[in-house]
Amino acid sequence: MAKSNIVAMTGNEAMAEAMRQINPDVVAAYPITPATEIVQIFAGFVADGLVDTEFVPVESEHSAMSACIGSSAAGGRTITSTSSQGLALMAEMLYIAGGLRLPIVLADVNRTLSGPLNIHCDHSDTMMVKDSGWIQIFSENAQEAYDNMVQAVRIAETARVPVIITTDGFIISHGMERIEILDDSEVKGFVGEYKPEHYLLNFDKPVTLGALDLPDYYFEHKRQQIEAMKESKPIIIDVGKKFGKISGRTYGFFEEYKMDDAELAIIAMGSTAGTAKVVVGNLRDKGLKAGLLKLRVFRPFPKDEIADALKDLKAVGVLDRSDSMNGEEGPLCLEVKSAIFDKGAKTIVLNYVYGLGGREIKLDDIESIYNDLFDAVKGKPKDRVTYMGVRE
(Lines give C-alpha, C1' and ligand atoms only; values in the text may rest on other atoms or scores of the structure.)
Protein backbone atom coordinates (compact mmCIF):
# COMPACT_ATOMS: atom_id res chain seq x y z
CA MET A 1 0.00 0.00 0.00
CA ALA A 2 1.30 3.43 -0.96
CA LYS A 3 2.11 6.13 1.55
CA SER A 4 -0.59 8.80 1.71
CA ASN A 5 -0.27 12.51 2.33
CA ILE A 6 -2.71 13.82 4.93
CA VAL A 7 -4.20 17.20 4.01
CA ALA A 8 -7.23 19.37 4.73
CA MET A 9 -9.33 19.99 1.62
CA THR A 10 -12.85 20.80 0.54
CA GLY A 11 -14.63 18.43 -1.81
CA ASN A 12 -14.04 20.79 -4.72
CA GLU A 13 -10.34 21.03 -3.92
CA ALA A 14 -10.11 17.25 -3.62
CA MET A 15 -11.67 16.69 -7.04
CA ALA A 16 -9.42 19.33 -8.61
CA GLU A 17 -6.38 17.70 -6.98
CA ALA A 18 -7.39 14.33 -8.40
CA MET A 19 -7.67 15.94 -11.83
CA ARG A 20 -4.18 17.42 -11.47
CA GLN A 21 -2.73 14.02 -10.68
CA ILE A 22 -4.65 12.38 -13.55
CA ASN A 23 -3.31 15.09 -15.91
CA PRO A 24 -6.00 14.74 -18.61
CA ASP A 25 -5.41 15.78 -22.21
CA VAL A 26 -8.42 18.13 -22.29
CA VAL A 27 -10.68 19.86 -19.79
CA ALA A 28 -13.55 21.89 -21.29
CA ALA A 29 -15.86 23.59 -18.82
CA TYR A 30 -18.16 26.49 -18.00
CA PRO A 31 -18.54 27.82 -14.43
CA ILE A 32 -21.62 27.22 -12.28
CA THR A 33 -22.22 27.35 -8.51
CA PRO A 34 -21.26 25.32 -6.50
CA ALA A 35 -18.96 23.47 -8.94
CA THR A 36 -17.05 26.51 -10.26
CA GLU A 37 -14.09 26.01 -7.92
CA ILE A 38 -13.18 22.62 -9.39
CA VAL A 39 -12.23 23.93 -12.80
CA GLN A 40 -11.14 27.31 -11.40
CA ILE A 41 -8.53 25.57 -9.26
CA PHE A 42 -7.61 23.28 -12.13
CA ALA A 43 -7.18 26.29 -14.44
CA GLY A 44 -4.58 27.50 -11.94
CA PHE A 45 -2.72 24.21 -12.33
CA VAL A 46 -2.76 24.74 -16.10
CA ALA A 47 -1.50 28.32 -15.78
CA ASP A 48 1.30 27.23 -13.42
CA GLY A 49 2.44 24.49 -15.80
CA LEU A 50 1.63 21.69 -13.36
CA VAL A 51 -0.33 19.75 -15.98
CA ASP A 52 -0.11 19.24 -19.74
CA THR A 53 -3.85 19.74 -20.19
CA GLU A 54 -5.48 21.79 -22.93
CA PHE A 55 -7.98 23.88 -20.96
CA VAL A 56 -10.97 25.10 -23.02
CA PRO A 57 -13.15 27.81 -21.39
CA VAL A 58 -16.31 27.54 -23.49
CA GLU A 59 -19.44 29.70 -23.68
CA SER A 60 -21.93 27.27 -22.10
CA GLU A 61 -22.28 23.84 -20.54
CA HIS A 62 -23.76 22.52 -23.78
CA SER A 63 -20.57 23.68 -25.49
CA ALA A 64 -18.47 22.15 -22.72
CA MET A 65 -19.86 18.67 -23.28
CA SER A 66 -19.71 19.17 -27.05
CA ALA A 67 -16.00 20.00 -26.77
CA CYS A 68 -15.48 17.00 -24.50
CA ILE A 69 -17.15 14.75 -27.06
CA GLY A 70 -14.86 16.07 -29.78
CA SER A 71 -11.80 15.65 -27.59
CA SER A 72 -12.67 12.13 -26.48
CA ALA A 73 -13.65 11.06 -30.00
CA ALA A 74 -10.23 12.28 -31.19
CA GLY A 75 -8.52 10.05 -28.61
CA GLY A 76 -7.93 12.43 -25.72
CA ARG A 77 -8.39 11.67 -22.03
CA THR A 78 -11.14 14.15 -21.14
CA ILE A 79 -12.70 15.52 -17.93
CA THR A 80 -15.26 18.22 -17.15
CA SER A 81 -17.37 19.49 -14.25
CA THR A 82 -20.80 21.06 -13.77
CA SER A 83 -23.88 21.25 -11.57
CA SER A 84 -27.67 21.62 -11.70
CA GLN A 85 -28.80 23.80 -14.62
CA GLY A 86 -25.42 23.23 -16.22
CA LEU A 87 -26.04 19.49 -16.25
CA ALA A 88 -29.51 20.19 -17.64
CA LEU A 89 -28.00 22.23 -20.46
CA MET A 90 -25.56 19.38 -21.13
CA ALA A 91 -28.33 16.77 -21.20
CA GLU A 92 -28.67 16.61 -24.98
CA MET A 93 -24.95 15.98 -25.35
CA LEU A 94 -24.78 13.53 -22.43
CA TYR A 95 -26.93 11.13 -24.42
CA ILE A 96 -24.64 11.53 -27.42
CA ALA A 97 -21.51 10.89 -25.33
CA GLY A 98 -23.14 7.81 -23.83
CA GLY A 99 -24.32 6.54 -27.23
CA LEU A 100 -20.85 6.98 -28.70
CA ARG A 101 -19.31 5.08 -25.73
CA LEU A 102 -16.85 7.90 -25.01
CA PRO A 103 -14.97 7.52 -21.67
CA ILE A 104 -15.50 11.09 -20.43
CA VAL A 105 -15.41 11.78 -16.68
CA LEU A 106 -17.76 14.44 -15.28
CA ALA A 107 -17.55 15.84 -11.74
CA ASP A 108 -21.11 16.85 -10.84
CA VAL A 109 -21.70 18.86 -7.66
CA ASN A 110 -25.29 17.97 -6.80
CA ARG A 111 -27.57 21.02 -6.75
CA THR A 112 -31.32 21.32 -7.09
CA LEU A 113 -32.87 22.16 -10.44
CA SER A 114 -34.86 25.35 -10.87
CA GLY A 115 -37.57 26.46 -10.46
CA PRO A 116 -37.81 28.18 -8.16
CA LEU A 117 -34.14 29.16 -8.35
CA ASN A 118 -32.07 27.44 -5.67
CA ILE A 119 -28.31 26.90 -5.45
CA HIS A 120 -28.27 24.28 -2.69
CA CYS A 121 -28.08 20.51 -2.62
CA ASP A 122 -30.45 17.85 -3.71
CA HIS A 123 -30.07 15.04 -6.24
CA SER A 124 -32.60 16.20 -8.84
CA ASP A 125 -29.90 17.14 -11.35
CA THR A 126 -28.25 13.72 -11.37
CA MET A 127 -31.59 11.91 -11.37
CA MET A 128 -32.67 13.92 -14.41
CA VAL A 129 -29.97 12.19 -16.49
CA LYS A 130 -30.01 8.77 -14.82
CA ASP A 131 -30.97 7.10 -18.10
CA SER A 132 -28.44 8.86 -20.33
CA GLY A 133 -25.99 5.95 -20.49
CA TRP A 134 -23.50 7.25 -17.91
CA ILE A 135 -22.23 5.34 -14.89
CA GLN A 136 -23.22 7.29 -11.75
CA ILE A 137 -21.15 7.11 -8.56
CA PHE A 138 -22.06 9.03 -5.38
CA SER A 139 -19.60 10.27 -2.75
CA GLU A 140 -20.23 10.51 1.01
CA ASN A 141 -17.42 12.96 1.73
CA ALA A 142 -14.36 14.72 0.28
CA GLN A 143 -12.23 11.59 0.65
CA GLU A 144 -14.59 9.59 -1.49
CA ALA A 145 -14.84 12.45 -3.99
CA TYR A 146 -11.08 12.25 -4.48
CA ASP A 147 -10.98 8.45 -4.55
CA ASN A 148 -13.91 8.18 -6.94
CA MET A 149 -12.41 10.66 -9.40
CA VAL A 150 -9.21 8.63 -9.62
CA GLN A 151 -11.14 5.40 -10.11
CA ALA A 152 -13.53 6.95 -12.64
CA VAL A 153 -10.85 7.36 -15.30
CA ARG A 154 -9.92 3.70 -15.20
CA ILE A 155 -13.55 2.57 -15.05
CA ALA A 156 -14.58 4.74 -18.00
CA GLU A 157 -11.65 3.78 -20.20
CA THR A 158 -11.92 0.06 -19.43
CA ALA A 159 -15.70 -0.13 -19.89
CA ARG A 160 -15.80 2.51 -22.64
CA VAL A 161 -18.69 4.12 -20.79
CA PRO A 162 -18.68 7.72 -19.48
CA VAL A 163 -18.79 8.28 -15.70
CA ILE A 164 -20.42 10.92 -13.48
CA ILE A 165 -18.89 11.36 -10.01
CA THR A 166 -21.14 13.32 -7.65
CA THR A 167 -20.72 15.28 -4.44
CA ASP A 168 -23.39 17.06 -2.42
CA GLY A 169 -23.33 20.79 -3.13
CA PHE A 170 -21.87 22.96 -0.32
CA ILE A 171 -22.13 20.08 2.18
CA ILE A 172 -19.15 18.34 0.56
CA SER A 173 -18.05 20.76 -2.14
CA HIS A 174 -17.29 23.59 0.31
CA GLY A 175 -16.81 21.62 3.54
CA MET A 176 -13.20 21.26 4.73
CA GLU A 177 -12.19 17.74 5.76
CA ARG A 178 -9.15 15.64 6.56
CA ILE A 179 -8.33 13.44 3.58
CA GLU A 180 -5.49 11.25 2.40
CA ILE A 181 -3.96 12.04 -0.98
CA LEU A 182 -1.87 9.51 -2.89
CA ASP A 183 1.50 10.42 -4.32
CA ASP A 184 1.41 11.70 -7.88
CA SER A 185 3.35 8.68 -9.12
CA GLU A 186 0.81 6.29 -7.61
CA VAL A 187 -2.11 7.99 -9.35
CA LYS A 188 -0.20 8.16 -12.62
CA GLY A 189 0.55 4.46 -12.41
CA PHE A 190 -3.01 3.60 -11.43
CA VAL A 191 -4.75 5.41 -14.30
CA GLY A 192 -2.02 4.43 -16.75
CA GLU A 193 -1.49 5.78 -20.23
CA TYR A 194 -4.66 6.14 -22.27
CA LYS A 195 -4.51 4.07 -25.45
CA PRO A 196 -7.91 4.10 -27.15
CA GLU A 197 -8.61 1.38 -29.67
CA HIS A 198 -10.78 3.50 -31.97
CA TYR A 199 -10.46 7.26 -32.41
CA LEU A 200 -10.86 9.80 -35.16
CA LEU A 201 -7.19 10.75 -35.42
CA ASN A 202 -6.04 7.17 -35.93
CA PHE A 203 -5.53 7.37 -39.70
CA ASP A 204 -4.46 3.73 -39.92
CA LYS A 205 -7.91 2.60 -38.77
CA PRO A 206 -10.42 5.22 -39.94
CA VAL A 207 -13.81 5.27 -38.21
CA THR A 208 -17.02 7.25 -38.51
CA LEU A 209 -18.66 8.75 -35.42
CA GLY A 210 -22.04 10.42 -35.14
CA ALA A 211 -23.46 8.87 -38.31
CA LEU A 212 -27.20 8.86 -38.99
CA ASP A 213 -28.67 5.70 -37.44
CA LEU A 214 -32.14 4.91 -38.84
CA PRO A 215 -34.50 2.05 -37.85
CA ASP A 216 -32.34 -0.53 -39.63
CA TYR A 217 -29.66 -0.48 -36.90
CA TYR A 218 -30.49 2.02 -34.12
CA PHE A 219 -32.14 -0.58 -31.87
CA GLU A 220 -29.17 -2.94 -32.15
CA HIS A 221 -26.73 -0.16 -31.29
CA LYS A 222 -28.75 0.87 -28.21
CA ARG A 223 -28.87 -2.78 -27.16
CA GLN A 224 -25.08 -2.88 -27.27
CA GLN A 225 -24.95 0.24 -25.12
CA ILE A 226 -27.33 -1.31 -22.59
CA GLU A 227 -25.13 -4.40 -22.39
CA ALA A 228 -22.04 -2.23 -21.95
CA MET A 229 -23.63 -0.66 -18.89
CA LYS A 230 -24.31 -4.12 -17.45
CA GLU A 231 -20.82 -5.30 -18.28
CA SER A 232 -19.32 -2.33 -16.47
CA LYS A 233 -20.36 -3.82 -13.12
CA PRO A 234 -17.44 -6.24 -12.72
CA ILE A 235 -15.11 -3.51 -13.97
CA ILE A 236 -16.29 -1.16 -11.22
CA ILE A 237 -15.69 -3.87 -8.61
CA ASP A 238 -12.27 -4.76 -10.03
CA VAL A 239 -11.13 -1.13 -10.12
CA GLY A 240 -12.39 -0.62 -6.54
CA LYS A 241 -10.32 -3.59 -5.33
CA LYS A 242 -7.20 -2.47 -7.16
CA PHE A 243 -7.59 1.03 -5.76
CA GLY A 244 -7.81 -0.52 -2.31
CA LYS A 245 -4.40 -2.14 -2.79
CA ILE A 246 -2.68 1.25 -3.25
CA SER A 247 -4.81 3.30 -0.84
CA GLY A 248 -6.16 0.94 1.82
CA ARG A 249 -9.70 2.02 0.83
CA THR A 250 -11.55 -0.63 -1.17
CA TYR A 251 -14.80 0.27 -2.93
CA GLY A 252 -17.81 -1.69 -4.16
CA PHE A 253 -21.36 -0.95 -5.22
CA PHE A 254 -22.35 -0.01 -1.68
CA GLU A 255 -21.15 0.02 1.90
CA GLU A 256 -22.91 -2.08 4.53
CA TYR A 257 -22.75 -0.45 7.95
CA LYS A 258 -23.68 -2.71 10.87
CA MET A 259 -25.82 -4.85 8.57
CA ASP A 260 -24.66 -8.31 9.68
CA ASP A 261 -27.48 -8.82 12.19
CA ALA A 262 -29.67 -5.83 11.35
CA GLU A 263 -33.44 -6.22 11.37
CA LEU A 264 -34.14 -2.72 10.05
CA ALA A 265 -32.11 -0.45 7.81
CA ILE A 266 -32.19 2.70 5.78
CA ILE A 267 -30.69 3.20 2.33
CA ALA A 268 -29.10 6.55 1.53
CA MET A 269 -26.73 8.13 -0.98
CA GLY A 270 -24.23 10.95 -0.54
CA SER A 271 -23.43 12.93 2.60
CA THR A 272 -26.57 11.87 4.48
CA ALA A 273 -25.05 8.42 4.91
CA GLY A 274 -22.45 9.92 7.24
CA THR A 275 -25.15 11.43 9.44
CA ALA A 276 -27.06 8.15 9.41
CA LYS A 277 -24.02 6.24 10.71
CA VAL A 278 -24.11 8.34 13.89
CA VAL A 279 -27.77 7.49 14.40
CA VAL A 280 -27.15 3.79 13.80
CA GLY A 281 -24.39 3.87 16.40
CA ASN A 282 -26.70 5.52 18.94
CA LEU A 283 -29.46 2.99 18.30
CA ARG A 284 -27.02 0.10 18.60
CA ASP A 285 -25.99 1.46 22.00
CA LYS A 286 -29.65 1.10 22.99
CA GLY A 287 -29.69 -2.52 21.84
CA LEU A 288 -31.68 -1.91 18.64
CA LYS A 289 -30.63 -3.85 15.55
CA ALA A 290 -30.40 -0.98 13.09
CA GLY A 291 -28.23 -0.86 9.97
CA LEU A 292 -27.37 1.31 7.00
CA LEU A 293 -26.77 0.52 3.35
CA LYS A 294 -24.93 3.41 1.71
CA LEU A 295 -25.42 3.13 -2.02
CA ARG A 296 -22.39 4.30 -3.99
CA VAL A 297 -23.17 3.14 -7.53
CA PHE A 298 -26.61 4.17 -8.79
CA ARG A 299 -25.93 3.36 -12.45
CA PRO A 300 -25.57 0.57 -13.34
CA PHE A 301 -28.04 -0.23 -10.57
CA PRO A 302 -26.75 -3.25 -8.58
CA LYS A 303 -30.14 -4.91 -8.41
CA ASP A 304 -29.16 -8.45 -7.47
CA GLU A 305 -26.53 -7.37 -4.97
CA ILE A 306 -28.94 -5.05 -3.17
CA ALA A 307 -31.65 -7.70 -3.06
CA ASP A 308 -29.19 -10.10 -1.46
CA ALA A 309 -28.03 -7.50 1.09
CA LEU A 310 -31.60 -6.71 2.15
CA LYS A 311 -33.18 -10.17 2.00
CA ASP A 312 -33.24 -10.80 5.76
CA LEU A 313 -34.53 -7.39 6.84
CA LYS A 314 -38.00 -6.84 8.25
CA ALA A 315 -38.28 -3.22 7.08
CA VAL A 316 -36.33 -0.73 4.99
CA GLY A 317 -36.51 3.05 4.78
CA VAL A 318 -35.29 4.45 1.45
CA LEU A 319 -34.10 8.07 1.50
CA ASP A 320 -34.54 10.03 -1.73
CA ARG A 321 -33.04 13.51 -2.07
CA SER A 322 -35.22 14.08 -5.12
CA ASP A 323 -38.77 13.29 -6.17
CA SER A 324 -40.09 11.58 -9.29
CA MET A 325 -43.13 13.88 -9.45
CA ASN A 326 -45.96 11.39 -8.93
CA GLY A 327 -44.02 8.31 -9.93
CA GLU A 328 -45.42 6.69 -6.76
CA GLU A 329 -42.07 6.90 -4.92
CA GLY A 330 -38.73 8.64 -5.36
CA PRO A 331 -36.33 7.31 -8.02
CA LEU A 332 -34.09 5.40 -5.61
CA CYS A 333 -37.04 3.81 -3.81
CA LEU A 334 -38.56 2.63 -7.08
CA GLU A 335 -35.29 0.90 -7.96
CA VAL A 336 -34.96 -0.70 -4.53
CA LYS A 337 -38.53 -2.00 -4.51
CA SER A 338 -38.09 -3.46 -7.97
CA ALA A 339 -34.90 -5.18 -6.85
CA ILE A 340 -36.21 -6.82 -3.70
CA PHE A 341 -39.76 -7.59 -4.76
CA ASP A 342 -38.57 -9.32 -7.93
CA LYS A 343 -36.80 -11.72 -5.56
CA GLY A 344 -40.05 -12.37 -3.68
CA ALA A 345 -39.14 -10.44 -0.54
CA LYS A 346 -41.88 -9.51 1.95
CA THR A 347 -39.87 -6.65 3.41
CA ILE A 348 -41.75 -3.48 4.40
CA VAL A 349 -40.44 -0.57 2.33
CA LEU A 350 -41.10 3.04 3.29
CA ASN A 351 -39.94 6.01 1.23
CA TYR A 352 -38.68 9.30 2.67
CA VAL A 353 -38.22 12.25 0.33
CA TYR A 354 -36.00 14.76 2.10
CA GLY A 355 -33.60 17.65 1.76
CA LEU A 356 -35.02 19.25 -1.39
CA GLY A 357 -33.39 22.61 -2.08
CA GLY A 358 -30.76 21.99 0.58
CA ARG A 359 -33.03 21.59 3.58
CA GLU A 360 -31.10 19.92 6.37
CA ILE A 361 -31.81 16.46 7.65
CA LYS A 362 -30.86 16.10 11.30
CA LEU A 363 -30.06 13.25 13.65
CA ASP A 364 -33.55 13.36 15.14
CA ASP A 365 -35.10 13.16 11.67
CA ILE A 366 -33.16 10.02 10.82
CA GLU A 367 -33.93 8.45 14.20
CA SER A 368 -37.63 9.09 13.57
CA ILE A 369 -37.34 7.05 10.37
CA TYR A 370 -36.00 4.08 12.33
CA ASN A 371 -38.85 4.57 14.82
CA ASP A 372 -41.32 4.43 11.93
CA LEU A 373 -39.75 1.20 10.74
CA PHE A 374 -40.00 -0.36 14.22
CA ASP A 375 -43.67 0.69 14.39
CA ALA A 376 -44.37 -0.68 10.90
CA VAL A 377 -42.95 -4.07 11.87
CA LYS A 378 -45.33 -4.07 14.84
CA GLY A 379 -48.25 -3.52 12.47
CA LYS A 380 -48.84 0.18 12.99
CA PRO A 381 -49.91 1.83 9.70
CA LYS A 382 -47.43 4.25 8.12
CA ASP A 383 -47.51 6.41 5.01
CA ARG A 384 -45.83 4.76 2.05
CA VAL A 385 -44.15 8.08 1.20
CA THR A 386 -43.19 10.73 3.75
CA TYR A 387 -41.91 14.18 2.84
CA MET A 388 -39.42 14.55 5.67
CA GLY A 389 -39.14 17.99 7.26
CA VAL A 390 -41.54 19.85 4.97
CA ARG A 391 -44.14 22.27 6.37
CA GLU A 392 -47.57 21.03 5.27
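The values are calculated or read from the model by the stated rules, or taken from the named source; none is laboratory data. Every value quoted in this text rests on a predicted model; they were computed, and no experiment measured them. All Cβ positions, even for glycine, are placed from backbone atoms using ideal geometry, and neighbour counts span all protein chains on display.
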In the range 56-87, residues that are surrounded by fewer than 19 Cβ atoms within 10 Å (Cβ to Cβ), without any contact (Cβ under 8 Å) to a residue 60 or more places away in the chain and either of a type outside the set (S, T, N, Q) or not in a helix (DSSP H, G or I) (or both) total 7
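Of all the residues that make up the range 224-274, how many are of a type in the set (Asp, Glu) and assigned to a loop (DSSP other than H, G, I, E, B)? Give the derivation first.
Within the range 224-274, the subset of a type in the set (Asp, Glu) is 227, 231, 238, 255-256, 260-261, 263.
Those still in the list that are assigned to a loop (DSSP other than H, G, I, E, B) too: 260-261, 263.
Number of matching residues: 3.
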Here the qualifying pairs (Cβ atoms under 7 Å; residues six or more apart or on different chains; first in the range 115-136 and of a type in the set (Asp, Glu); second assigned to a loop (DSSP other than H, G, I, E, B)) come out as Asp122/Thr112; Asp122/Arg321; Asp122/Ser322; Asp122/Gly355; Asp125/Ser83; Asp125/Arg111; Asp125/Leu113
Ser322 - would you say it is at pLDDT 95 or above, within 26 Å of the chain's Cα centre (by Cα), of a type in the set (Gly, Ala, Ser) and more than 27 Å from Asp260 (Cα to Cα)? yes
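Identify, from the list Ile237, Ile266, Ile246, the residue that is farther than 30 Å from Leu356 by Cα, touching a helix residue (DSSP H, G or I) at 6+ places or on another chain (Cβ under 8 Å) and modelled with pLDDT of 95 or more. I'd like the intermediate steps shown before the answer.
Numbers: Ile237 fails: touching a helix residue (DSSP H, G or I) at 6+ places or on another chain (Cβ under 8 Å); Ile266 fails: farther than 30 Å from Leu356 by Cα.
Result of the check over Ile237, Ile266, Ile246: Ile246.
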Item to complete: Please verify whether the range 249-261 includes one or more residues that are touching a Gly at 6+ places or on another chain (Cβ under 9 Å) and over 30 Å from Lys289 (Cα atoms).
Response: no
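Quick check on the range 88-102: of everything there that is out of contact with any Lys or Arg (no Cβ under 6 Å at 6 or more places or on another chain) and in a loop (DSSP other than H, G, I, E, B), which residue is surrounded by the fewest Cβ atoms within 10 Å (Cβ to Cβ)?
Within the range 88-102, the first condition is being out of contact with any Lys or Arg (no Cβ under 6 Å at 6 or more places or on another chain), and the residues that meet it are 88-100, 102.
The next check asks that each one be in a loop (DSSP other than H, G, I, E, B); those that pass are 100, 102.
Values: Leu100: 18, Leu102: 22.
The residue in question is Leu100.
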*May I ask you to verify whether Phe203 is of a type in the set (Phe, Trp, Tyr) and either part of a loop (DSSP other than H, G, I, E, B) or more than 21 Å from Gln21 (Cβ to Cβ) (or both)?*
yes
TODO: State whether the residues of the range 355-364 include one that is touching a Lys or Arg at 6+ places or on another chain (Cβ under 8 Å), outside any helix (DSSP H, G or I) and in the same structural domain as Asp312 (by TED's automatic domain parsing).
DONE: yes
Taking the range 265-279 and the residues there that are closer than 26 Å to Lys346 by Cα and crowded, with 24+ Cβ neighbours inside 10 Å, the one that is farthest from the chain's Cα centre (by Cα) would be Ala265
Scanning the range 293-319 residue by residue, the ones that are within 18 Å of Ile369 (Cβ to Cβ) and either under 18 Å from the mean Cα position of the chain (by Cα) or in the same structural domain as Ser232 (by TED's automatic domain parsing) (or both) total 5
Flagged in the range 132-161 as under 17 Å from Ala88 (Cβ atoms) and in contact with a Lys or Arg (Cβ under 8 Å, 6 or more places away or on another chain), in numbering order, are Trp134, Gln136
In the set Val51, Val46, the lone residue that is over 22 Å from Glu197 (Cβ atoms), in the same structural domain as Tyr218 (by TED's automatic domain parsing) and in contact (Cβ under 8 Å) with a residue 24 or more places away in the chain is Val51
Across the range 9-55, the tally of residues that are more than 20 Å from Ala142 (Cβ to Cβ), surrounded by 18 or more Cβ atoms within 10 Å (Cβ to Cβ) and aromatic (Phe, Trp, Tyr) stands at 1
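Taking Thr386, is it in contact (Cβ under 8 Å) with a residue 12 or more places away in the chain, β-branched (Val, Ile, Thr) and either over 19 Å from Glu256 (Cβ atoms) or touching a Pro at 6+ places or on another chain (Cβ under 8 Å) (or both)? It would help to see each step written out before you state the result.
Numbers: in contact (Cβ under 8 Å) with a residue 12 or more places away in the chain: yes; β-branched (Val, Ile, Thr): yes; either over 19 Å from Glu256 (Cβ atoms) or touching a Pro at 6+ places or on another chain (Cβ under 8 Å) (or both): yes.
When the stated conditions are applied, Thr386 passes them.
Yes/no per residue for (1) buried (at least 20 other Cβ atoms within 10 Å of the Cβ); (2) among the β-branched types (Val, Ile, Thr):
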{"position": "Asp308", "(1), (2)": "no, no"}
{"position": "Gly327", "(1), (2)": "no, no"}
{"position": "Lys337", "(1), (2)": "no, no"}
{"position": "Tyr354", "(1), (2)": "yes, no"}
{"position": "Glu360", "(1), (2)": "no, no"}
{"position": "Leu363", "(1), (2)": "no, no"}
{"position": "Asp375", "(1), (2)": "no, no"}
{"position": "Tyr387", "(1), (2)": "no, no"}
{"position": "Val390", "(1), (2)": "no, yes"}
Expected single match for of a type in the set (Lys, Arg), modelled with pLDDT of 95 or more and closer than 23 Å to Glu180 by Cβ among Arg101, Arg77, Arg20 is Arg20
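I need a count of the residues in the range 106-124 that are crowded, with 24+ Cβ neighbours inside 10 Å and either within 16 Å of Thr80 (Cα to Cα) or among the polar types (S, T, N, Q) (or both).
Going residue by residue through the range 106-124, those that are crowded, with 24+ Cβ neighbours inside 10 Å are 106-112, 121-124.
Those still in the list that are either within 16 Å of Thr80 (Cα to Cα) or among the polar types (S, T, N, Q) (or both) too: 106-110, 112, 124.
Summing the residues that are crowded, with 24+ Cβ neighbours inside 10 Å and either within 16 Å of Thr80 (Cα to Cα) or among the polar types (S, T, N, Q) (or both) in the range 106-124 gives 7.
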For the range 168-178, indicate whether the set of residues that are touching an Asp or Glu at 6+ places or on another chain (Cβ under 9 Å), farther than 19 Å from Asn23 by Cα and in a strand (DSSP E or B) is non-empty.
-> yes
From the option list Ile171, Ile237, single residue qualifying as within 30 Å of Glu37 (Cβ to Cβ) and aliphatic (A, V, I, L, M) is Ile171
